[in-house]
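Below is one structure; the comments refer to it alone.
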Amino acid sequence: MQEKIYGYWLPMNVSTHGDAVDQLINVLHVFMLLLFVGWGIFFMYCLIRFRAGANPTARYEPIKGKASKYLEVFIVVFEAFLLVGLSMPVWSDFKSQPPDEKDALVVEVLAEQFAWNVHYPGKDGIFGRKSSEFVTPENLLGLDPDDPNGKDDFNSINNLNVPEKTPVLVKLTSKDVIHSFKVPVLRLTQDAIPGQEIPFWFNTTRTGSFDIACAQLCGLGHYRMRGQIHIQTQADFDAWLAEQQVEESEDEFSF
Ligand SMILES: [Cu+2]
């Protein structure tokens, strides 16, 4: 059964940092609504108060009253508070305190036109060396066949499996053009830039399968660059991991 993710307001949130982001979005929306209504009333007032019928000749002196000045100062101070008081702490908390690699699930995501290649390090926990020169239709990640660390690595396409309530550290890059890894329910968007490996992290609050979208218009197939994140219980995730590793060793025998 498809879960209801979207309603009248923000989509469901399943990440630990999502509440802080939502709070910011809510405050901003209420503030924008107040500004909209305020300016709308002022506009109506001006239309009536300064209509041509009642004011046949224009007056060139500016208004003497101080009300507008105080209002503008208040708005500037409030906007500074939004930026310095609310946005920056949330952002710096999220950006400057990534989880320790020991405590997190570390995966690499390699974006390409038009898919997400998810690279898991396998049993040894070490990623094999990747290079564009090794990329073939069978070796989508471009793993170096001579690197022993890459022997037990495996990848999945458009499917990112993670255990719930565990920090996940993603190292994101791109093979071709700029893509953007976006998971609305995780309140997460990160551009993927060719030639750069950009780390980001998240932590989940519950299980479920949710969409991963590409948020950069990256070519004609952009619309079908859709992946899924599967947040599983630790037991389910371990079972899935074991299954992948068995498949991987079967692959090796078939060479
Ligand atoms: Cu894309």
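Considering the range 193-225, the residues that are of a type in the set (V, I, T) and away from the ligand (no atom under 16 Å from the Cβ) include one that is farthest from the chain's Cα centre (by Cα), namely T207.
Across the range 107-139, the qualifying residues are those that are β-branched (V, I, T) and surrounded by fewer than 20 Cβ atoms within 10 Å (Cβ to Cβ), and the one among them that is farthest from F200 (Cα to Cα) is T136. In the range 28-58, of all residues being assigned to a helix (DSSP H, G or I) and among the β-branched types (V, I, T), the one that is nearest to the chain's Cα centre (by Cα) corresponds to V30. Taken over the range 157-174, the criterion of being over 21 Å from C218 (Cα atoms) and of a type outside the set (D, E) is satisfied by N161, V162, P163, K165, T166, P167, V168, L169. When I25 is tested against (1) more than 21 Å from V77 (Cα to Cα); (2) out of contact with any helix residue (DSSP H, G or I) (no Cβ under 8 Å at 6 or more places or on another chain); (3) surrounded by 10 or more Cβ atoms within 10 Å (Cβ to Cβ), only condition (1) is not met.
Pairs meeting the criteria (first residue in the range 75-94 and closer than 12 Å to L24 by Cα, second residue part of a helix (DSSP H, G or I) and small (G, A, S), beta carbons under 9 Å, at least 6 apart or on different chains) are L86/A20; P89/A20; V90/A20.
F50: open to solvent by less than 80 Å² (accessible area, probe 1.4 Å) and not basic (K, R), yes or no? So F50 fails the test. In the set K69, K64, K4, only one residue is closer than 30 Å to T207 by Cα and not in a strand (DSSP E or B); that residue is K4. Within the range 95-120, if we keep just the residues that are outside any strand (DSSP E or B) and within 16 Å of the ligand (Cβ to nearest atom), the residue that is farthest from I229 (Cα to Cα) turns out to be Q113.
Is one or more of the residues making up the range 173-188 of a type in the set (S, T, N, Q) and either under 21 Å from E3 (Cα atoms) or modelled with pLDDT under 90 (or both)? Within the range 173-188, none of the residues are of a type in the set (S, T, N, Q) and either under 21 Å from E3 (Cα atoms) or modelled with pLDDT under 90 (or both).
The values are calculated or read from the model by the stated rules, or taken from the named source; none is laboratory data. Predicted, not measured: the structure shown is a model, and the values here were computed from it. For neighbour counting, all protein chains shown are included, and Cβ atoms are generated from backbone atoms with ideal geometry for every residue, glycine included. Just so you know, the surface numbers come from the protein's heavy atoms only, side chains and all, with ligands and any DNA or RNA stripped out. Shrake-Rupley method; radii C 1.70, N 1.55, O 1.52, S 1.80 Å.
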